[in-house]
Amino acid sequence: MNDNREIFALVNFIEITRECRRQLVEDVLSGNPDLFRFLYEDKNKNVQLLYKKRYELKWLEAHWLKCKALFDDSEIPLATRREILKIFLKWYQKFVEAWGYESSRAFFFNAEIESLGVLIDTNQKWTAQLAQLEMSFLRETKLLDKEIEEAKRL
């Protein structure tokens, strides 16, 4: 690894992973909504796993976005940038695969994150509608009970 490009890529990849892990710790301590709902709130295991997966994908994607930002803000010549990006990409693919995702899907994380958001939102709306239905049923039941009691008195 005597090539300066590989050393540059390695040092920056390590720094990016360090920043993202720091963010993970901050998210745990500050109660990130997706993590909180995964760990504590939602009783439905399938929905909990959606929250977990959404957070995980956002976190993995953050590594790539930070890598891209490094090059966007850089004055590195284009040819060198491509070579360093190839090194980053190789490590990023291995990193993503270590988390159980296919590296070829890594660039579709944003679409998958949005899809998970739609599933979560749909579940929340369904749960809210179900709660309204239950409340409506309880209200009607109480009204009927009251009418029955009044009818018994007559």
### Summary
Only one of (1) touching a helix residue (DSSP H, G or I) at 6+ places or on another chain (Cβ under 7 Å); (2) modelled with pLDDT under 85; (3) of a type outside the set (S, T, N, Q) does not apply to Tyr55, and that is (2)
### Message
So, Lys94, is that one part of a helix (DSSP H, G or I), in contact with a helix residue (DSSP H, G or I) (Cβ under 8 Å, 6 or more places away or on another chain) and exposed (fewer than 12 other Cβ atoms within 10 Å of the Cβ) or not?
### Response
yes
#### Entry: Enumeration of residues in the range 1-22 that are touching a Lys or Arg at 6+ places or on another chain (Cβ under 8 Å) and closer than 19 Å to Gln93 by Cβ
Ile16, Cys20
### Task
Find all pairs meeting these conditions: Cβ atoms under 8 angstrom apart; at least six residues apart or on different chains; first residue within the range 138-154 and surrounded by 10 or more Cβ atoms within 10 Å (Cβ to Cβ); second residue at pLDDT below 75 and part of a helix (DSSP H, G or I).
none
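The values are calculated or read from the model by the stated rules, or taken from the named source; none is laboratory data. Only a predicted model underlies this, so the values are computations on that prediction, with no experimental measurement involved. As a convention, Cβ positions derive from the backbone with ideal geometry for all residues, glycine included, and neighbour counts pool all protein chains shown.
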